[in-house]
Amino acid sequence: MTQASTPALVQETPYRYRIEATGRMRVPGVVFASPGLLPDVGGDQALQQVADVATLPGIVDASYAMPDVHWGYGFPIGGVAATDIAEGGVVSPGGVGFDISCGVRLYAADLDLATFAPRKEAVLDALGRSTPRGMGKGAVWELSGAGQLAKVLASGAKYAVEQGHGVQRDLDRCEDFGAVDDANPSGLSERAVKRGLHQLGSLGSGNHFLEVQVVDAVRDQAAAEAYGLRAGQVCVMIHCGSRGLGHQICTDHVRAMEQAMAAFGITVPDRQLACVPVDSGPGRAYLQAMAAAANYARANRQLLGQAARGVFERLTGAGLDLVYDISHNLAKVETHTVAGRSRRLCVHRKGATRALPPGHPDLPADLREVSGVGQPVLIPGSMGTASYVLTGVPGGPAFASTCHGAGRTLSRHQAVRSVRGQELRQQLESRGISVRGASWRGLAEEMPEAYKDIDAVVEAAEGAGLARAVARLVPVGVVKG
């Protein structure tokens, strides 16, 4: 991290700030936020990271930050940057993150809260038993070996569904329809493969969760109906990623790129921004490995969802229909118009969610034809607070991207010093939120006060024109990693 003074912000609108391009910056920085959501410059270097990202070779338009922005590895979490592949644009693992394709999956149940309430504790107990979580091993699906893992890495949720772990709608309503095409399982290190063999269908730890939620309010009736949501409806939200496999892939390629940059004449202000041209051997190798991790993450959420579906069918008689599955840690090759010209870009979204506009060809077929309704955007709150469903809007800035959650304001160490896990569970359960945690420390680390106000984050996303709110969901039970 460079130690320059904090970049100066110029407020352009109530929800948009600008960092002028200075020094080595090739483009300006743009921060979408309200004044209360801006990073604390005394302890959070996210704004400096926005400026550092603006120095990357081939970057176009701006280095963007979403309303939930906070300090991350290389890129800020909540950072978006696109590089022009034809002009030497780079790909950086720091612009994706260690938990490759970490994302959110939302199911809607044909069940209202009044009917669910008498069964809630039994359902949460069963979800707790059927959801492997925490550090290390544990999985819904124990793979037979590296050969079967390679099929998961190549075909993602598609392979899981083919093997009986789901239904066709689970693919129709998933980003990339369940799998990224250009994955190359053969390029993964032995260590990455070993870490992935025993974790398929597991939450992991940290801020990952499986929540039972209820639709608290509908803000956009037409979009909610298109998504299959209604007020008072019970839903299940799953937040997790590619586990140890994705972490190892990021680790492997950061090291490789640190060694390769000099050969391409690339220097960066922060070693965590290690990068190479997209159109290079190591650049293509990373994107293929990243795609394999993305497929693992899709399959991971698919299996967790299928386990939850079994619990609901057995204990409530209600099924779970997938609303959508979306990642918020990916780099994708996309075509966008920049300065009046169509360009092929590598769009990094690190703690940021794609928000496609109405009618976009990558939307599910049943949503593509609905006037004024774009891609479902899933914004999980912190434990014990609301989550949101948004929709993509026409002409959204930042390459059709928006926020991915609330955004941390306290480190995990600070949170643990602030509350005991036992106390937090009591507080949540006094508010009607049943808790099944993997550890007391894990609960304390994710205390609601460790995050920004999710309502303020969504307000800023709407005010900046990034997306439009569809529904607000509140938790009634949580299974924590």
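The values are calculated or read from the model by the stated rules, or taken from the named source; none is laboratory data. Values in this document were obtained by computation on a predicted structure and should not be read as measured data. No Cβ is skipped: glycine too gets one built from the backbone with ideal geometry, and neighbour counts run over all protein chains shown. Heads up: the accessible areas ignore ligands, DNA and RNA and are worked out on the full protein's heavy atoms, side chains in. Shrake-Rupley method; radii C 1.70, N 1.55, O 1.52, S 1.80 Å.
Table for the structure above
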{"read-out": "Cut-off 11 Å between beta-carbons: net charge of the residues surrounding Leu410, Lys and Arg +1, Asp and Glu -1", "value": "-1"}
{"read-out": "FRET efficiency estimate (nearest 0.05) - Cβ-Cβ, Arg271 to Asp182, R0 25 angstrom", "value": "0.35"}
{"read-out": "Potential lengthening between Val41 and Thr115 on full extension [0.36 nm per residue; Cα-Cα distance subtracted]", "value": "21.9 nm"}
{"read-out": "Estimated distance in nm for a label pair at Gln11 and Arg129, the labels positioned 7 Å out from Cα along Cα-to-Cβ", "value": "5.5"}
{"read-out": "Helix-only CD estimate at 222 nm, as mean residue ellipticity for the chain, using -39500 (n - 2.57) per DSSP H run (n ≥ 4)", "value": "-9500 deg cm²/dmol"}
{"read-out": "Which of Thr385, Thr337, Thr391 is most accessible, then next, and so on - probe 1.4 Å", "value": "Thr337, Thr385, Thr391"}
{"read-out": "Dipole-positive endmost among Ala415, Ala467, Leu363 within segment 336-481 (Cβ charges, Cα centre)", "value": "Ala415"}
{"read-out": "Whole-angstrom Cα spans of segment 248-346 along principal axes, big to small", "value": "61, 38, 23"}
{"read-out": "Accessible surface, segment 358-481, averaged per residue in Å² (probe 1.4 Å)", "value": "35"}
{"read-out": "Per residue accessible area in Å² of segment 216-333, where ligands, DNA and RNA are left out and the probe is 1.4 Å", "value": "31"}
{"read-out": "Extension gain (nm, one decimal) between Arg431 and Arg24, 0.36 nm per residue minus Cα-Cα", "value": "141.5 nm"}
{"read-out": "Signed unit charges on C-beta, dipole axis of segment 147-206, positive-most listed residue Gly206, Gly187, Val167", "value": "Gly206"}
{"read-out": "When each of Lys350/Lys480; Lys332/Lys452; Lys151/Lys480; Lys120/Lys350; Lys158/Lys332 is checked by Cα-Cα distance, pairs over 25 Å", "value": "Lys332/Lys452; Lys151/Lys480; Lys120/Lys350"}
{"read-out": "Scaled radius of gyration (Cα, divided by 2.2 N^0.38 Å) that the chain gives", "value": "0.91"}
{"read-out": "Accessible heavy-atom area order of Asp44, Asp325, Asp455, highest first, probe of 1.4 Å", "value": "Asp455, Asp44, Asp325"}
{"read-out": "Axial C-alpha extent at least 27 Å, average Kyte-Doolittle at least -0.5 - helices from the chain (DSSP)", "value": "281-315"}
{"read-out": "Efficiency of FRET from Cβ geometry, Arg341 and Arg420, R₀ 56 Å, rounded to 0.05", "value": "0.50"}
{"read-out": "P(r) of segment 181-321 over all Cα-Cα pairs, binned every 5 Å from zero, in whole percent", "value": "2, 9, 14, 15, 13, 13, 10, 9, 8, 5, 2, 1, 0"}
{"read-out": "Estimated D of segment 42-164 in µm² per second, where Rh is the Kirkwood radius over Cα pairs and Stokes-Einstein applies at 20 °C, 1.002 mPa s", "value": "113"}
{"read-out": "Accessible area (Å², 1.4 Å probe, nearest 10) - His360", "value": "50"}
{"read-out": "Accessible surface ranking that places the most exposed of Met135, Met25, Met66 first, with a 1.4 angstrom probe", "value": "Met135, Met25, Met66"}
{"read-out": "Within-13-Å neighbourhood charge of Leu47 [Cβ basis; K, R +1; D, E -1]", "value": "-3"}
{"read-out": "Accessible surface of the chain, 1.4 Å probe, proportion on carbon and sulfur as whole %", "value": "49"}
{"read-out": "1.4 Å probe accessible area per residue over segment 1-158, in Å²", "value": "37"}
{"read-out": "Debye, to nearest 20: dipole size of the chain, +1 on Lys, Arg Cβ, -1 on Asp, Glu Cβ", "value": "960"}
